[in-house]
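Structure first, then comments.
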Amino acid sequence: MSEETREPQRHTGFLLRRAQQRHVAAWQAVIPGDVTSVQYGVLAVLDRRPGLAQKEICAELDLDRSTVADICSRMEKNGLLTRVAARDDRRRNVLDLTPEGRRELARLRPLVDAVQDRLTEQLSREELEQLRTLLGKILRDET
């Protein structure tokens with residue numbers, strides 16, 4: 001029986017979960033410590049879009065509100081970002097990177113590239129582009 005036809009390997013969900021496990025293992029091998037890929041995502045998004053509300057971070061990273069609130073609270077305690085009430089709506093928190101957050105992002109960027117390289121080392125450039133395109137189609141909103 002080939003790898004493509006046996007259970008559960010023939011299921012896309014199984015393969016995606018295994019790929020995620022490989023990503024986590026590569027992340028932990030290259031970036032040991034407390035910084036998670038989700039925290040890196042928050043840093044990267046805030047670098048690109050300073051002053052975002054937590055709700056907008058949820059949309060950018062496809063995370064629920066309680067997860068983002070918890071992550072941002074920890075990152076604020078670690079001095080990586082500031083969280084202040086929005087001027088136009090005091091119920092809404094807006095986020096910005098601190099100088100320490102910018103330094104941490106600069107430190108992480110080459111490490112994240114190394115994780116990517118480790119995870120996709122068996123793929124050609126064309127295969128990697130194709131994989132990203134196909135994953136993008138899977139993740140595209142159905143609206």
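Summary table below
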item	result
Order of Leu111, Leu43 under a 10 Å beta carbon neighbour criterion, fewest first	Leu111, Leu43
Convex hull volume per residue in cubic angstrom - Cα atoms of segment 54-143	140
Along the chain, longest interval not containing exposed trypsin sites (Lys or Arg not before Pro), exposed being DSSP loop plus at most 11 other Cβ atoms within 10 Å	7-86
Packing-based exposure ordering (other Cβ within 10 Å, fewest first) of Ser66, Ser73	Ser66, Ser73
Per-residue [θ]222 nm for the chain (sum of -39500 (n - 2.57) over DSSP H runs n ≥ 4, rounded to 500)	-20500 deg cm²/dmol
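Every number in this text was worked out from the coordinates using simple rules, so none of it is lab data. The structure displayed is predicted, hence computed values, not measured ones. Every residue, glycine among them, receives a Cβ derived from its backbone with ideal geometry; neighbour counts consider all protein chains shown.
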